[in-house]
Structure formats: structure tokens, C-alpha cells
Amino acid sequence: MRVGVLTFHRCINYGSYWQARCLVQGIAARGHEAVLLDHRSCAVTSREWRYAFQPLLPDRSGRADIRRYGVKLRRFLDAFRDLPLSHPFDLDDRNGAPPADLVVIGSDEVLNLSHPWYGGKPIFWGEGLRAPRRVTYAASCGNYDAQVGLAPEWRAALAGLDAVSVRDQNTRTLVATATGQEPEMVLDPVLQFPPAVRPAEEGAPYLLVYGHHIPDWFADRVQAEARRRGWRMISVGYRNDWADEQRLEAGPLEFAALVAGASGMATTYFHGCVFALVNGVPLVCAPSDYRWNKLRDLTALLGLDRQLTFADRDPAEIAAALDAPADVQARLAALRAQSDAYLDRVLA
């Protein structure tokens, strides 16, 4: 079949890039012609790039950091060109998407009505797609709380899809409440189809820090533990002044290599956790307002209670989490089989 994958493949975000790449490659490995549906929008690109250069607002990036973020942006653009893309089309043209035998919507926050620039775009709910079948894979509603519910037009859009799978409990609750049908739980594409990555050769052991606006209490505890172990701290993608080194210019390939070579990971990001897990890297994470739903549900799904810490917990939890990789292989194996079964069915 010709399979179109519809997701957020042009975000300047490591997780967005890798989940898109892993899903389209995973489908192609099953013998299908898989492409990313290459939607374009000047308004979305403007907001995406503005955020790429100023990720720490209201604190503004200095000129030196802006230059380094520019290198990061160019590396993302180079990586996008290597993806299997359809002919480009206008995101807001309801009939512009190229035809396919099947469209797979997801992964990422495709059902997030609160997303700052993709929220409320009907195409991510299946409207206007030129395909006889439309399904989701590992869809998420991100920080949109399931308890808010959905307006009738969004409930109808979900009901019109041929199959729905999600990657977190918050989205599962939202879909089940809206449709009366329990969607299937599947793994994020990076966990389902882990990329083969050569570890970065950095010499001395290092702790990789991934995230921005990291809470002071978490930063203090991570820094103290890294110092105790004699690990240097590398902040990837964003500036964290308490780290020893800033790798602001890292593109998606450099990010993956840095995770693979790390002795430990400290993050507030969903895909920071995911990449640590697939590389067997010891992990500690802390919640953030925007990503709380995703972190809470991922750690619950995989039994990572020891890896998720809070301000009112014992600071020694940081050391315990970084002592050894999380033992998630049995859970991952079961969920991979479940995810394979779903893909087998929708790709048949």
C-alpha cells in the first residue's frame, strides 16, 4: 500500500523528528510505500522558528545563543530533507493532501486542541484526507486534559476514523469518553522501532540534561549528584547555566548520539525518557506543567516510579534512579507485541 503518515514532522524538536522518522521507517519495513504527508504553513513555520531561537521566553536569548540555535535549526532542516516526504501541500487546504491507500495519523500530540500552533487543525482529526481508510497510531492529546471533554464536532471526527490507538492514559480516557469505545494502547514509535545510533565519543562520563525551565529544586539535586559522581553535565538543545557545557547547536542526530553515550539522563521531556530507555541509560525525570500528562502516563505505563521524582521527595531518589538503567524490558516486550498486532491489523 501507499501509506501516508500525518504528524508534526517539521517541529524543531528532537522527539517530534524521531517519532516521525521511526514510524515511517517502521511501516516501510513491513513492505509498504510509506511517506510523511508534507504539510506546510507560513504561520506555523514562523511560530516554530521564533520558538527555536527564543525557547526560554520570557528570558531572551543572547546573540551568541541565537547563532548557536541557528546552527541547530539548519541541522534540523538538513535532517528533514532526508525524510521520505510527499509532495508539499498547504496545511489549511482541506483537499490538498496527496492521495494514499491509508493515512496513519500520529504519533505526537496530533489530538492536542491546546497545542500553540497545531491545535484545532481539522486535518489531524482525519478531515480532508484523500484515503479510503484513516487510523491513528500512538496519538496523544498532550497537555489537553481529558476531563475537559470534546465538542460535538471533534467527537464526530474521532468516530469517523477507522481505528484509533493512543500512547497515554490521558488520551485513552479522552477518546473513550468521546466515542464510547476504548482505544488501543500502543508504544511511541521510538520505543516500538528504536533507531540504531552510534554513541557519541565524549571520553569522560557525562550526565545529559534535556529540557528548559527546569525547576530549581531538580537542578540543584541533579547538579549535586553529578558532582558527587565526578560526571560533567552537558545540556543539550537548550541553555541550562548550571550545567558544565551547553550543546545548543545539536541537531536530531547529535542528540541521539549524546543520549546513547551518556552515563545518565536528567530530563523533564517525554522523549528524553524514551531515548534513555531505548539506550539503556539510567534516567531521572521531573514534572513540568506542559508535559505532566505525558510523563505521568509514560512512567505509569512502564513502571518507572523510581525514575520520576518531585520536590517533596527524598533527594536521595536522584542517586537511586541514576544507579542503574530502569528494568523495563518485560513491559516493553509485551507492549511491542500489542503494538505490532495493531499495526498488522490496520496495515492488512
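Key figures for this structure:
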item	result
Per-q log10 I(q)/I(0), segment 112-167, q = 0.20 Å⁻¹ (Debye; single scatterer per alpha-carbon; no solvent)	-0.77
Counted charge near PRO325, where neighbours are those whose Cβ lies closer than 14 Å (Asp, Glu -1; Lys, Arg +1)	0
Those trypsin sites (Lys or Arg not before Pro) in segment 1-107 that DSSP places in a loop and that have at most 12 other beta carbons within 10 Å	ARG60, ARG94
Calculated P(r) of segment 206-328 - Cα pairs past 19 Å, %	39
Packing-based order for 294-300, 206-212, using average beta carbon neighbours within 10 Å, highest first	206-212, 294-300
Stokes-Einstein D for segment 254-311, Kirkwood Rh over Cα pairs, 25 °C, 0.890 mPa s (µm²/s)	216
Alpha carbon Rg of segment 116-246, scaled by the compact-globule rule 2.2 N^0.38 Å	1.46
Computed over the chain, the ratio Rg/Rh where both radii use C-alpha atoms and Rh is Kirkwood	0.95
Amide H within-cut-off set for TYR206, under 5 Å, with H built and near neighbours excluded	SER263, GLY264
Rh (Kirkwood; distinct C-alpha pairs) - segment 72-181, Å	14.8
Kirkwood-based Rg to Rh ratio, segment 50-119, C-alpha trace	1.06
Relative contact order of the chain, defined on C-alpha pairs under 8 angstrom at six or more residues apart (%)	15
Pairwise Cα inverse-distance average, inverted: Kirkwood Rh of segment 1-86 (Å)	14.1
For segment 261-286 and segment 103-129, distance of Cα centres in Å	27
Volume per residue that the Cα convex hull of segment 285-348 spans, once the total is divided by residue count, Å³	92
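Any read-out appearing in this document is the output of simple, stated calculations on the displayed coordinates, not a laboratory observation. What you are looking at is a predicted structure, and each value in this text was computed from that prediction instead of being measured. Methodologically, a virtual Cβ is constructed for each residue, glycine included, from the backbone with ideal geometry; neighbour enumeration extends over all protein chains shown.
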